[in-house]
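Below is one structure, written out as structure tokens; the observations come after it.
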Amino acid sequence: MKNTNKIIIVGSGVAGISAALKLVDNNYPGELITIIDKGKDPYTRKPEEVMTGFAGAGGFSDGKLTYHTAIGGQLSKYCGEDKAYELMDQAIEMWKRFHPDPSKIMYSNPQAEPDFIKPHFGLRLFPVYHIGTDYLHEIGKRWYDYLVDKGVKFSWETEVISINFNKNTLGYSNIPIKLGKVKSLTYDELIFAVGKSGIDFGKQLADDYKLPTEPKSVQIGVRFEAPQKYFQKLIDVSYDFKLYQKFDNISLRSFCTNNNAAYVAVEETYGDISYNGHAKKGEEFRNDMTNFGILMEIKGIENPFEWCRDVVKKCQMDLPVTKKSGLYYSPNLTRKPSLTSESNIVDSYQIAELSWFTDAFGEYADYILNFIDQMNEVFQFGDDWGMYIPEVKYLSPEPLVDYTNLALTEYPNVHFVGDALSARGITVSGAQGIYVAESLLN
Ligand SMILES: Cc1cc2nc3c(=O)[nH]c(=O)nc-3n(C[C@H](O)[C@H](O)[C@H](O)COP(=O)(O)OP(=O)(O)OC[C@H]3O[C@@H](n4cnc5c(N)ncnc54)[C@H](O)[C@@H]3O)c2cc1C
């Protein structure tokens, strides 16, 4: 193989660094790979920079590596079930490889739905590896050092602001962006791996180039939080339990469960605030809380992406210090939003009544409240809970790609991967990066 193609990876998140690792592991010259990221390297990235920097949102997430083709976005759609599992194996192996002590990785693999959740809920059964935020940082440093050692070039605090698919060039600027200082780079192959923090850029490109897209459903809900003791019997069965309910056009599921040292995290997308969660491994962070998303997947909504953005906007409160926040509700008014792992209060505006939430979510609010009521029957937490509103998975229209290499159908040297395509989690994002790297190696 003649390795002369210049590869630019936009985004050093999970998908981007997995692609780079696969390439250099197969003797692709690191010097031909440039990774551009608007965040910082793993040594200087701060805890509050949740979405940007080396390893992306995955790097400061909870590090739950799910292992099932029905979880974390679409993979088998492109490559079939068998190949999807093989790619996920590779993706998980990368995280183990740079772990300072792989024996500390927790593994759970529930085999049967426990009787006590029936008839209220079903439970998705799938294996999950749990790394924890603090170990992710260490893994990030080792992974980064390895890529640098192999010659991969990184450009930090640099934002790509335009791409010309016809001329194979991109425009970038150091942060803060100065429009007079935009520089240009050419590429032979481009891996577009900007994750959720670059979702608006992806949408802008899709609009500018009128990229054909695949239709998407809506995924929106809240982040629920309660003391862990109520959920312990289920956590003993499955650490990252996924309770679900199904109705005609709507299905609900608990999503991304964090336990032991569980913190709610603020996310900002399109300038609006929503919530997510992560867990730390160190005992010093233990707060004995559990948090998870309660997400609805709603089919049949016209313009689902715009609808979702509108609901999120209706849940925003302008605050003097933080500019904006989402909402927090608990039936027990003495229960306040929790602390973050940095001991700040989770930015949120506490509402005493549910009307703000029900106005924003309309008829769909009842599905979430009913889900919580039914959990209460099973887990008996009374009014000892709160929810952060909203949590959202923006399923922006997915660009149509060639399933064999995730390249845009009209621009075969531009590959979309990770959350910028259809992934919703670490394992699948990594697997998509590896899949593209394999296609480039071949
Ligand atoms: C708080 C939190 C907890 C999570 N917990 C889990 C979990 O436990 N398990 C799980 O499977 N998933 C989890 N996720 C989701 C998971 O992190 C993402 O699915 C995954 O990181 C997506 O990988 P990616 O490479 O597509 O994007 P990202 O990891 O988001 O990386 C994208 C990178 O692109 C860079 N970027 C964006 N735009 C530009 C631009 N224009 N120019 C230059 N650089 C740019 C960003 O700085 C970022 O570093 C969590 C997410 C969050 C926010």
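Remarks
- Taking the listed residues Gln374, Gln380, the one that is of a type outside the set (A, V, I, L, M), over 19 Å from Glu267 (Cα atoms) and surrounded by 15 or more Cβ atoms within 10 Å (Cβ to Cβ) is Gln374, with no other qualifying.
- When residues of segment 386-410 are limited to those that are at pLDDT 95 or above, in contact with a helix residue (DSSP H, G or I) (Cβ under 6 Å, 6 or more places away or on another chain) and away from the ligand (no atom under 13 Å from the Cβ), the one farthest from Ile294 (Cα to Cα): Asn405
- Segment 129-156 residues that are over 12 Å from Lys96 (Cβ atoms), paired with ones that are in a strand (DSSP E or B) and within 13 Å of the ligand (Cβ to nearest atom) (beta carbon under 6 Å, 6 or more apart): His130/Lys64; His130/Met106; Thr133/His278; Gly140/Ala55; Lys153/Thr34; Phe154/Ile35; Ser155/Ile36
- Count - residues of segment 172-219 that are without any contact (Cβ under 8 Å) to a residue 24 or more places away in the chain and over 25 Å from Val50 (Cα atoms): 9
- Glu306 being away from the ligand (no atom under 16 Å from the Cβ), closer than 18 Å to Glu391 by Cα, acidic (Asp, Glu) and in contact (Cβ under 8 Å) with a residue 40 or more places away in the chain: no
Residues checked against (1) surrounded by 15 or more Cβ atoms within 10 Å (Cβ to Cβ); (2) modelled with pLDDT under 95:
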residue	(1), (2)
Asn164	no, no
Leu170	yes, no
Ile175	no, yes
Thr186	no, no
Phe192	yes, no
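- Checking Gly39 against (1) within 11 Å of the ligand (Cβ to nearest atom); (2) in a helix (DSSP H, G or I); (3) modelled with pLDDT of 95 or more, the condition it does not meet: (2)
- Qualifying residue in segment 296-310 (condition: of a type in the set (A, V, I, L, M, F, W, C) and touching an Asp or Glu at 6+ places or on another chain (Cβ under 8 Å)): no
- Residues located in segment 51-71, provided they are within 15 Å of Ile131 (Cβ to Cβ), small (Gly, Ala, Ser) and either at pLDDT 95 or above or part of a loop (DSSP other than H, G, I, E, B) (or both): Ala55, Gly56, Ser61, Gly63
- Of all residues in segment 132-159, exactly one satisfies the criterion of being at pLDDT below 90 and in a loop (DSSP other than H, G, I, E, B), namely Gly132.
- Any chance Lys104 is more than 28 Å from Val266 (Cβ to Cβ) and surrounded by fewer than 16 Cβ atoms within 10 Å (Cβ to Cβ): no
- Matching entry among Arg253, Arg223 (being within 12 Å of the ligand (Cβ to nearest atom), touching a residue at least 40 places away in the same chain (Cβ under 8 Å) and in contact with a Phe, Trp or Tyr (Cβ under 7 Å, 6 or more places away or on another chain)): Arg223
- Among residues of segment 10-34 being in a strand (DSSP E or B) and near the ligand (Cβ under 9 Å from one of its atoms), the one that is nearest to Gln90 (Cα to Cα) is Gly13.
- Qualifying residues in segment 269-327 (those that are of a type in the set (Lys, Arg) and not in a loop (DSSP other than H, G, I, E, B)) - the one farthest from Ile368 (Cα to Cα): Lys323
- Of all residues in segment 172-222, those satisfying the criterion of being in a strand (DSSP E or B) and more than 26 Å from Arg309 (Cβ to Cβ) are Tyr172, Ser173, Asn174, Lys183, Ser184, Leu185, Thr186, Glu189, Leu190, Ile191.
- Candidate set: segment 48-75, residues that are surrounded by fewer than 17 Cβ atoms within 10 Å (Cβ to Cβ) and away from the ligand (no atom under 11 Å from the Cβ); chosen: the one nearest to Arg253 (Cα to Cα): Ala70
- Exclusive hit being of a type outside the set (A, V, I, L, M, F, W, C), more than 25 Å from Leu395 (Cβ to Cβ) and within 16 Å of the ligand (Cβ to nearest atom), set Asp82, Asp89: Asp89
- Qualifying residue in segment 411-418 (condition: in contact with a strand residue (DSSP E or B) (Cβ under 8 Å, 6 or more places away or on another chain), in a loop (DSSP other than H, G, I, E, B) and away from the ligand (no atom under 13 Å from the Cβ)): no
- Val218 being modelled with pLDDT under 90, under 22 Å from the mean Cα position of the chain (by Cα) and aliphatic (A, V, I, L, M): yes
- Near pairs, Cβ below 6 angstrom, 6+ apart or cross-chain, from segment 46-73 (at positive phi) to any residue that is assigned to a loop (DSSP other than H, G, I, E, B) and among the hydrophobic types (A, V, I, L, M, F, W, C): Gly63/Ile131
- The numbered conditions (1) surrounded by fewer than 18 Cβ atoms within 10 Å (Cβ to Cβ); (2) at pLDDT below 95; (3) basic (Lys, Arg) are all true for Lys83 except (2).
The values are calculated or read from the model by the stated rules, or taken from the named source; none is laboratory data. Keep in mind that this is a model prediction, so the values were computed, not measured. Neighbour counts are summed over all protein chains in view; Cβ atoms, including those assigned to glycine, are modelled from backbone coordinates with ideal geometry.
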